[in-house]
């Protein structure tokens, strides 16, 4: 085991911190960089709560090592709206009750931010994300709202 | 003469959503703690073994190690956890923390604390366990076999006691003697993992200077966790504080103190430091209490013209390695609720608890009621098939009608209000649609099923009658602050269900003020009113909400009386007018006298706090009301679900192609939240119907330890067009007419889906008694009946 210096640009800010070579990107973000919005629900890449964008592409940050992210660009849930106005996707999730406990939500918010404007299907967005609270009903209503539908029957 | 606001019934998006979509939640693992140490549990790899040695010398000599507690250390530092709900004859009434025998794989035997999480994991692996294997008894059959190894030391066998609930024996016998048809089946409801997306976790901090233990925990019931911690650690209640941060789902799996959580707290006390433990997903599969786990022989007697005469059941309850605080509770609720919404001359059930070498079972959303619904509705569907009458007609013929309520069941439950037939007929109507033309290897079927749901499990006297060492009442404190804003305190907990929003709506309604004046404060035993059961048993909104409505109306009256004093008039000549966007000090938030005089809400509050005004010595000063509400009885919600499924007779795959739910939870405070609760409950129920089963190997070691082996529903497993409707029969027991709905969605999907499969493939209907209906299980039943994709029919 050794410690290496990892430099990433996360949500537009360059951050340099040490990381063990076995530290996952998720733990590095949470512990090293104090960005606790990224949640670890399973640690095996099954639930999608920890999804972040690595050089613009969604990855499960529990399956990436911090050292693999060295020199790369990362977007996390905290960067989606920053401290400012929520995105349409975030507003739709709120309005359509697309979350309950909110533990899985950060990964989904990042995924929806990535999907915005790309025209992917509802199934594409939801693939790889587990939600135990909503039955996906409110999330689907939010996605329908975003794609121009009414947002559902509620 | 309150403000004109209508908060109750408005679909307001929950107030906690904004910070959660920004990534600003504060879950257990997110909390900062200076100098925190990290814990890893040492767990048994074997399902049953005598612990000969726990050698931690290597771990203890490592400079990264802060503390190791093994079984002997724990025996010195902890007492067993008391239980609250026991079976007659239950041989063990305390939950061992310091174990000298491992009774399930994953059982915590000791704890290692180190300066980093990685070090704690490494050092836990360095502990050398010397285990003397004992034969496992991982199934009910194995545990009840003649030469089964006794799991509780000193007990005669593995039976954990027994209870018979319901009608007298002679009534049951007489009803079955009159029967024209008796349907009897054996049902198996497997163990399932509640699987909240956030696993369990504890951050315990002990300050030796003050002697205070502060515990942050993802607990659904901080007060009962505190009580149990006091018993385990021998500490005074005023020295233990439990705080629930944001909780990433719970579903019943976080309602009681677990031994591993107690070990973390014991370690913090021993060290005089802060210790954090965050459960891994595999640990959650191994060690969090599982739901269900029941094998039941049940029969239905049907008389002339399809009239139901009696239900009778014998429930074998898989309690696991020890009986948890509520022990056989869920299974007793199965017995209590077997009768459901139907008339019968007799209904009774026996519950026999059985110890097995698996992780204990406990509360899971639906709590015995889902099992009862599955057993009952399957028996009815089978009776309809044997009688060759439509199942819907048979159900409608036997339902308790609204004009017959209140109605007391054979297990002594008094249904307060509802219209069971309306829900059933509506669900059936919703599900009517022309069948599409399916390929020859696809069969399609629909079924409609019904249930009555215990919500607001209370009053306290009822729990006392059942010998359950908990209370059922719920208290609130509601305060108008000196600036006119409002703070509500309740002992119920937010677990994502949005209760803080619903409670704010109720308080705002009762006070006649805008919603955003009200803050709801939950989760801290130092400030929250006592609550034993807190956010479980579909009770938070009904009981805390009912109490809050009473408190808000009292405070509203006091404000008007104060205002009248300042305006020099009578309270009944004062009108409260508050604009929907007003703040407490604005002119459009005021009390008006008849002469044009007015005083703002804030001014009334502020003067009230000074103790000014024409006050009698006996008048209360502080603008705060504490209300304890213990309802006269349980209030019963109800619902009906319809499922349409297709069965691919080649693969055995069952697909839910349509799902319709009609619920009655009385007056809905927030329809958006209500819809979300039902939808989420349906998804969990569909998971149980089709894919979820916590399995172990022949040695009793869990094999479902990740979301790959254990399939919780993904988006594609839940129909896109769930239809959820609500009817409204107000509760007669709860102020505001509220009924609970946290569990309702979960009760019926296994019954609805299984009955729909039976309708699709009647040739295998009699075999559809075990869940989940995985492709391999359905395919085996199809093959046994001679049905193949090629042959279509036999």
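Any read-out appearing in this document is the output of simple, stated calculations on the displayed coordinates, not a laboratory observation. Quantities reported herein were computed from a predicted structural model and do not represent experimental measurements. Ideal geometry is used to build each Cβ from the backbone, glycine not excepted, and the neighbour counts take in all protein chains shown.
Please state the shape class of the protein assembly as shown: rounded when a/c is under 1.5, otherwise prolate if a/b exceeds b/c and oblate if not, all from the C-alpha gyration tensor. Numbers along the way, then the final one.
Numbers: a/c = 1.33, a/b = 1.07, b/c = 1.24.
Rounded, because the longest to shortest axis ratio a/c is under 1.5.
For residue B:699 and residue B:55, a Förster radius of 22 Å and the Cβ-Cβ distance give a FRET efficiency of 0.40, rounded to the nearest 0.05. Ellipticity at 222 nm from helices only: DSSP H runs of n ≥ 4 in chain B, each -39500 (n - 2.57), divided by the residue count, give -8000 deg cm²/dmol. Using 0.36 nm per residue and subtracting the Cα-Cα separation, the extra length available between residue B:128 and residue B:783 on full extension is 230.8 nm. Here the protein assembly as shown carries DSSP beta bridges of which approximately 80% are antiparallel, counting only pairs with both residues inside. Computed from the C-beta positions of residue A:127 and residue B:572, the FRET efficiency with R₀ = 41 Å rounds to 0.10.
Separation of segment B:476-527 and segment B:204-260, taken as the distance between their Cα centroids, equals 23 angstrom. When both segment B:628-662 and segment B:11-86 are represented by their alpha-carbon centers, they are found 36 Å apart. Which residues among segment B:429-465 fall inside the zone where the amide N is under 15 Å from a point 7 Å beyond the Cα of residue B:790, along Cα→Cβ? Under 15 Å, as judged by backbone N against the label point of residue B:790, lie B:441 of segment B:429-465. Take each residue in B:9-17, count the other chain C-beta atoms within 10 Å of its C-beta, and the mean is 4.
With both partners inside chain A, how many of the DSSP beta bridges are antiparallel, as a percent to the nearest 5? Numbers along the way, then the final one.
Working: 15 of 17 bridges.
Among the beta bridges of chain A, antiparallel pairing accounts for roughly 90 percent.
With both residues required to sit in chain B, DSSP beta bridges show an antiparallel share near 80%.
A simple spin-label model places pseudo-atoms 7 Å from Cα toward Cβ; at residue B:236 and residue B:145 they are separated by 5.4 nm. Extending 7 Å from Cα along the Cβ direction at residue B:32 and again at residue B:581 yields two label points whose distance is 3.7 nm. Placing a label point 7 Å from the Cα of residue B:466 along the Cα-to-Cβ direction, the residues of segment B:512-542 whose backbone N falls under 15 Å from that point are B:532-540.
Between residue B:19 and residue B:177, the FRET efficiency estimated from the beta carbon spacing at R0 = 51 angstrom works out to 0.20. Peptide A:120-132 is shielded by partner chain Cβ atoms: per residue, an average of 4 of them sit within 10 Å of its Cβ. Computed over Cα pairs, the Kirkwood radius of segment B:139-241 leads via Stokes-Einstein (0.890 mPa s, 25 °C) to a diffusion coefficient of 124 µm² per second.
The simple spin-label model puts a point 7 Å past each Cα toward its Cβ; for residue B:597 and residue A:7 those points are separated by 7.3 nm.
Shape analysis of segment A:81-146 places it in the rounded category; the axes a ≥ b ≥ c from the Cα gyration tensor give an a/c below 1.5. Measuring between their Cα centroids, segment A:70-105 and segment B:728-744 lie 34 Å from each other.
Partner shielding of B:196-205 amounts to 4, given as the average count of beta-carbon atoms from other chains within 10 Å of each residue beta-carbon.
Fully extending the segment from residue B:297 to residue B:483, taken as 0.36 nm per residue of separation minus the present Cα-Cα distance, adds 60.7 nm. Shape class for segment A:3-80: oblate, because the ratio a/c of the largest to smallest gyration tensor axis (alpha-carbon atoms, square roots of eigenvalues) is 1.5 or more and b/c is at least a/b.
Compactness ratio for segment B:603-737: Cα radius of gyration over 2.2 N^0.38 Å (N = residue count) comes to 1.77.
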